[in-house]
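Report on the following structure.
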Amino acid sequence: MPNAIIHHCPSLKLARERKETITDYSSIKISSFLSKYAKGKKYYIYTHGCQANYRDSEIFKGILEEVGFKPSIDIDHANIILINTCAVRENAENKVLGEIGNLKRLKNKKDITIIIAGCMAMEEVMVNELIKTFHHVDIILGTHDIAKLPDLLEEHLKKDKRVIEVNSGSGYIHERLPSVRDSIFKAFVNIAYGCDKFCTYCIVPYTRGRERSRDPKDIIKECKDLVKQGYLEITLLGQNVDSYGKDLKKKYSFAKLLDEVAKLKIPRISFLTSHPYDFSLEIIDVMKKHKNIQPYLHLPLQSGDDKILKLMGRKYDSKKYLSIIKYAKRVMPNLSISTDIIVGFPNEKDSQFKNTLKLVKAVKYDSAFTFIYSPRSGTPAAKMKDNISYQTKVQRFKKLNEILKQQMSENNKKLLNHAFSVLVDGVSKTDKTMLTGRLPNNKIVNFKGNKNLIGKIVKVKINEEHIYFLMGSLEK
Ligand code: 5AD
Ligand code: SF4
């Protein structure tokens, strides 16, 4: 590949290795060459996947704006196009590949720089494919290499070559990267990066690296600054928030961190994602203690069958999962619970799928993200025989969702005629005459109201229940 500068390519083997965590407090430096180049130029970012990617995109925006680029409202007027990708399932990847393919048309028309970042850039197979077949991609940037974006861009522009910089398995945490947040009232705050769980189906520990907890002082400072700026809601983010602090020199627990953040008096605090293996019941006690912690818990189940859970490497059984739910519901009767479930994992028998349904019926979830198993190259499960027919997977998926929908509707009925505080997010996407916002338990409600309520907390009475949202009216 004579036309490419390959600094590093991903290695799944290296990604598994644990490195010492090093916190970097230095700021990025922008050369005069790059600031001059950016004058009058615009950027556009596509973001796929989870909240961690959305937060990373805010940092990409911060870096690009520090260089001097301005945001473009549409892709056609952008000079820099960055796609922040997701690798968690094959269909997500196919969508991104289609998007990258479409950019060729634009590149043929004008001189643009196309950057591929995020989790797909961390996969060996994918990077090889991108290098081989997508010649219009200019920069491939790994999740550990975000801070290098200005240098790589400069290298690409000066040498007119493609640049590939993907380091696997870094122990770095960058504390001083600039960011431009998407919202002026809701913020994501990373508490830890990466994941140490290595569930057998999951690519995330390879794409995001081993778990690195941020220093609690840095997290609290970021939250305090957000409060000062008038933010109303903070969501603490980690692939597995419950193991927060286990890798720190001075051990620190998530329950303690949550307690400390809640004391800052931010009106709304929530957190994502929990793992039943590391979950401590103390977290529920802290939630109960602070009114500003939202009564909402996302606790991925993945499967309700103990043998499948073992094959998935989840490290808990259905009994342990249910014991957490039982305690949580006893202490917080109004707690809303959501989950992630995978159907059609290799060897999943019909009776085992029924165990998932049994558990789902016992919990009565308020919402759920359901997935058909998708083999990810390099993970242990991808080596297992994917022996469930697609038709069976789809049937199970439909059956599971039927039950979930019934439960959600039953749960929603209990909210009718009650009034709740709602943080107004904006205008409803489906009906421009309505506002939309979220209840403390994370449910969506649409209601009529003036646009100047966006970004405020108001009281809304629930009048109608639908499966995925509620309808309400403003209370005076
Ligand atoms: N196939 C299907 N679903 C997956 N998830 C993670 N990896 C896979 C996979 N290979 C789901 C899990 C996880 C959520 C973010 O995505 O349910 O909790
Ligand atoms: Fe993936 Fe499991 Fe880590 Fe969640 S806990 S990110 S499913 S490896």
TODO: Please express the Cα-Cα pair-distance distribution P(r) of the range 235-318 as a list of whole percents, one per 5 Å bin, running from 0 to the bin with the greatest distance.
DONE: 3, 14, 24, 22, 16, 12, 6, 3, 1
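From the C-alpha gyration tensor of the range 214-258, pull out the three semi-axes of the equivalent ellipsoid (sqrt of 5λ each), sorted largest to smallest, in whole Å. Could the numbers behind the result be given before it?
Working: eigenvalues 90, 28, 11 Å².
Equivalent-ellipsoid dimensions as semi-axes: 21, 12, 7 Å.
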- [ ] Take the Cα radius of gyration of the range 24-67 and divide it by 2.2 N^0.38 Å, with N its residue count; two decimals is plenty.
- [x] 1.35
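Carbon and sulfur: what percent of the range 408-469's accessible surface (1.4 Å probe)? Provide the component values of the computation, followed by the final result.
On the way: 1830 of 3370 Å².
Carbon with sulfur: 54 percent of the solvent-accessible area.
Which value, in Å to one decimal place, does the Kirkwood hydrodynamic radius take for the range 167-248 when every pair of different Cα atoms is included? Display every interim value, and only then the final one.
Working: mean 1/r = 0.0722 Å⁻¹.
Value: 13.9 Å, from the Cα pair sum.
Below 8 Å between Cα atoms, with a sequence gap of 6+, how large is the relative contact order for the range 174-307 in percent?
Details: 205 pairs, mean separation 29.7, N = 134.
After rounding, I find 22 percent.
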Open item on the list: Report the number of Lys pairs in the range 295-369 whose alpha-carbons are under 17 Å apart, with separation of 8 or more residues or on distinct chains.
Closed with: 26
Task: For the range 313-449: relative contact order, % (alpha-carbon pairs under 8 angstrom, 6 or more apart) - done: 20 percent
Task: Using distinct alpha-carbon pairs, which all enter the 1/r mean, Kirkwood radius of the range 313-391 in Å - done: 14.4 Å
TODO: Work out from phi, with θ = phi - 60° and the Karplus expression 6.51 cos²θ - 1.76 cosθ + 1.60, the ³J(HN,Hα) of each residue of the range 199-209, listed in order in whole Hz, and give x for Gly and Pro.
DONE: 4, 5, 8, 9, 8, 4, x, 7, 7, 10, x
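What is the extension gain from I5 to K224, computed as 0.36 nm multiplied by their sequence separation minus the C-alpha to C-alpha distance, in nm to one decimal? Don't skip to the answer; put the middle values down first.
Numbers: separation 219, 0.36 × 219 = 78.84 nm, distance 4.19 nm.
Result for the pair: 74.6 nm of gain on full extension.
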Open item on the list: If I take the Cα coordinates of the range 122-176 and project them onto the principal axes, what are the three extents in Å, biggest first?
Closed with: 34, 28, 10
TODO: Could you work out the local net charge near K70, counting Lys and Arg as +1, Asp and Glu as -1, over the other residues with Cβ closer than 11 Å to its Cβ?
DONE: +3
TODO: First compute the accessible area of the range 102-162 with a 1.4 Å probe, then give the percent of it belonging to carbon and sulfur atoms.
DONE: 47 percent
TODO: Work out from phi, with θ = phi - 60° and the Karplus expression 6.51 cos²θ - 1.76 cosθ + 1.60, the ³J(HN,Hα) of each residue of the range 143-158, listed in order in whole Hz, and give x for Gly and Pro.
DONE: 5, 8, 10, 3, 5, 8, 3, x, 5, 5, 5, 4, 4, 4, 5, 6
Open item on the list: With +1 assigned to the C-beta of every Lys and Arg and -1 to the C-beta of every Asp and Glu, and no other charges, what is the dipole magnitude of the chain about the Cα centre in debye, to the nearest 20?
Closed with: 1040 debye
Open item on the list: Using amide H atoms built in the peptide plane, which far-off residues or other-chain residues are under 5 Å from H298 H to H?
Closed with: S274, S338
- [ ] Rounded to whole Å and ordered largest first, report the semi-axes of the equivalent ellipsoid of the range 74-231 derived from its Cα gyration tensor (root of 5λ).
- [x] 29, 21, 15
TODO: Mind jotting down a quarter of the surface of the convex hull over the alpha carbons of the range 256-305, in square nanometres, one decimal?
DONE: 3.7 nm²
Task: Contact order normalised by residue count of the chain, Cα under 8 Å, 6+ apart, percent - done: 11 percent
Open item on the list: Suppose we look only past 25 Å in the calculated P(r) of the range 230-370. What percent of the Cα-Cα pairs does that tail hold?
Closed with: 29 percent
TODO: Counting only DSSP beta bridges with both residues in the chain, tell me the antiparallel percent, nearest 5.
DONE: 30 percent
TODO: Relative to the longest principal axis of the C-alpha atoms of the chain, give the angle of the C-alpha long axis of helix 124-133, reported between 0 and 90° and rounded to the nearest 10°.
DONE: 50 degrees
Open item on the list: Distance between the C-alpha centers of the range 407-476 and the range 160-228? Whole Å please.
Closed with: 31 Å
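Kindly give the semi-axes, whole Å and largest first, of the ellipsoid equivalent to the range 348-467, taking each as the square root of 5 times a Cα gyration tensor eigenvalue.
Details: eigenvalues 281, 63, 27 Å².
Here the semi-axes work out to 38, 18, 12 Å.
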Task: Debye log10 I(q)/I(0) for the range 148-189, one point scatterer per Cα, at q = 0.26, 0.32 Å⁻¹ - done: -0.96, -1.10
TODO: With unit charges on the beta carbon (Lys/Arg positive, Asp/Glu negative), name the residue among F185, T133, N292 whose Cα is farthest towards the positive pole of the charge dipole of the chain.
DONE: N292
- [ ] Calculate the dipole size of the range 157-202 relative to its Cα centre from +1 charges on Lys and Arg beta carbons and -1 charges on Asp and Glu beta carbons; express the result in debye to the nearest 20.
- [x] 220 debye
Open item on the list: Let me spell out the model: positive unit charges on the Cβ of Lys and Arg, negative unit charges on the Cβ of Asp and Glu, origin at the Cα centre of the range 1-121. What dipole size does that give, in debye rounded to 20?
Closed with: 340 debye
Open item on the list: Explain nothing, just compute: Karplus ³J(HN,Hα) = 6.51 cos²θ - 1.76 cosθ + 1.60, θ = phi - 60°, for every residue of the range 300-312 in order, whole Hz, x for Gly and Pro.
Closed with: x, 9, 6, 8, x, 9, 5, 5, 5, 4, 5, 4, 6
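What fraction of the Cα pairs in the range 61-135, stated in percent, has a spacing above 22 angstrom?
Details: 781 of 2775 pairs.
Here the long-distance tail beyond 22 Å is 28 percent of all Cα pairs in the range 61-135.
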- [ ] Could you tell me which of T339, F60, I403 has its Cα farthest along the dipole of the chain towards the positive end, charges placed at Cβ (Lys, Arg +1; Asp, Glu -1), taken about the Cα centre?
- [x] I403
Open item on the list: Skipping prolines and chain starts, which residues have an amide H placed within reach, meaning under 5 Å, of the one on F345, given they are 5 or more residues away or on another chain?
Closed with: Y373
Open item on the list: Given Cα positions, please report Rg to Rh for the range 79-119, the hydrodynamic radius being the Kirkwood one.
Closed with: 1.02
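To one decimal place, what orientation-averaged projected area in nm² is obtained for the convex hull of the Cα set of the chain? The partial results should precede the final answer.
Details: hull surface 91.3 nm².
Mean orientational projected area (the chain, Cα hull): 22.8 nm².
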Task: Isotropically averaged projected area of the range 423-476, using the convex hull of Cα atoms (one quarter of hull area), nm² - done: 3.4 nm²
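The values are calculated or read from the model by the stated rules, or taken from the named source; none is laboratory data. In this text the structure is predicted, and so the values were computed from the model without any measurement. All Cβ positions, glycine included, derive from the backbone under ideal geometry; neighbour counts span all protein chains shown. When the accessible area is computed, the model is the full protein with side chains, heavy atoms only, and any ligands, DNA or RNA have been set aside. Shrake-Rupley method; radii C 1.70, N 1.55, O 1.52, S 1.80 Å.
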